[in-house]
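What follows is a set of notes on a single structure, which appears directly below.
The values are calculated or read from the model by the stated rules, or taken from the named source; none is laboratory data. Keep in mind that what you see is a predicted model, and the values were worked out from it rather than measured. In this analysis, Cβ positions are derived from the backbone assuming ideal geometry, glycine residues included, and neighbour counts consider all displayed protein chains.
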Amino acid sequence: MKRAARRALRTGLLAAAGLLAPERAWALHDVHVSHTRAVVEGRTVALNVRLFADDLEATLRRASGDAALRLETPAADSAFARYLARQVTVTADGVRLVPRVTGAGTANDGAGVPTRWYVVELTAPAPVGKLALRNALMFDAFRDQQNIVAVMRMPGERRTTLFFASGDETAQVVPE
């Protein structure tokens, strides 16, 4: 087993067993990944974006130039909205959609590692046909960053999963 995998497993087991304080579990994760769920229905594209809290806070501090920025503050949510608009591109039938953050919160993943989630809504001028996405969140912060986007088109619940690795700047098209 690779060192990073062993460390992540150990961290998760220790946190789950209550032997590692949840506030310390974040310091031990070696994985840099975000997970986004996207639902496309009519003219609306709704995203639920999840990121590790420590990675996001460090990234937003650098991006905003505010070394004292703390997650769970209005300033951090505004910084995330600006950062998201630069790093994530969503187009519907060739028209770039404007993201609007409508919700945010903090939760722990299965290993007790703090994560930050955001609900983002985008509205197209007409029902979405051809959808293209590019997710470069935290590529500027971590060489090994990976972003997973699970897309569900309604009606019919057609599902597509997209994967973006650090340095992958190309938009991917979701089948109609």
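Results, tabulated for the structure shown:
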quantity: Test: residue in the stretch 146-163 that is aromatic (Phe, Trp, Tyr) and crowded, with 16+ Cβ neighbours inside 10 Å; calculated: no
quantity: Exclusive hit being in the same structural domain as LEU47 (by TED's automatic domain parsing) and in a loop (DSSP other than H, G, I, E, B), set THR170, THR161; calculated: THR170
quantity: Some residue of the stretch 102-113 being in contact with a helix residue (DSSP H, G or I) (Cβ under 9 Å, 6 or more places away or on another chain), within 17 Å of PHE139 (Cβ to Cβ) and crowded, with 16+ Cβ neighbours inside 10 Å; calculated: no
quantity: Test: residue in the stretch 120-130 that is assigned by TED's automatic domain parsing to the domain that holds THR44, touching a Pro at 6+ places or on another chain (Cβ under 8 Å), surrounded by fewer than 20 Cβ atoms within 10 Å (Cβ to Cβ) and in a strand (DSSP E or B); calculated: yes
quantity: LEU60, sole failed condition from (1) buried (at least 19 other Cβ atoms within 10 Å of the Cβ); (2) of a type outside the set (Asp, Glu); (3) part of a strand (DSSP E or B); calculated: (3)
quantity: Output for the stretch 28-80, where each listed residue is within 12 Å of the chain's Cα centre (by Cα) and of a type in the set (A, V, I, L, M, F, W, C); calculated: VAL33, ALA38, LEU47, VAL49, LEU51, PHE52, ALA53, LEU56, PHE80
quantity: Matching residues in the stretch 84-115 - criterion: being among the charged types (D, E, K, R), modelled with pLDDT of 95 or more and not in a helix (DSSP H, G or I); calculated: ASP93, ARG96, ARG100
quantity: Qualifying positions in the stretch 131-158 - within 25 Å of GLY42 (Cβ to Cβ), touching a residue at least 24 places away in the same chain (Cβ under 8 Å) and in a loop (DSSP other than H, G, I, E, B); calculated: MET154, PRO155
quantity: Odd one out for THR115, checked against (1) over 26 Å from ALA79 (Cβ atoms); (2) touching a residue at least 60 places away in the same chain (Cβ under 8 Å); (3) hydroxyl-bearing (Ser, Thr, Tyr); calculated: (1)
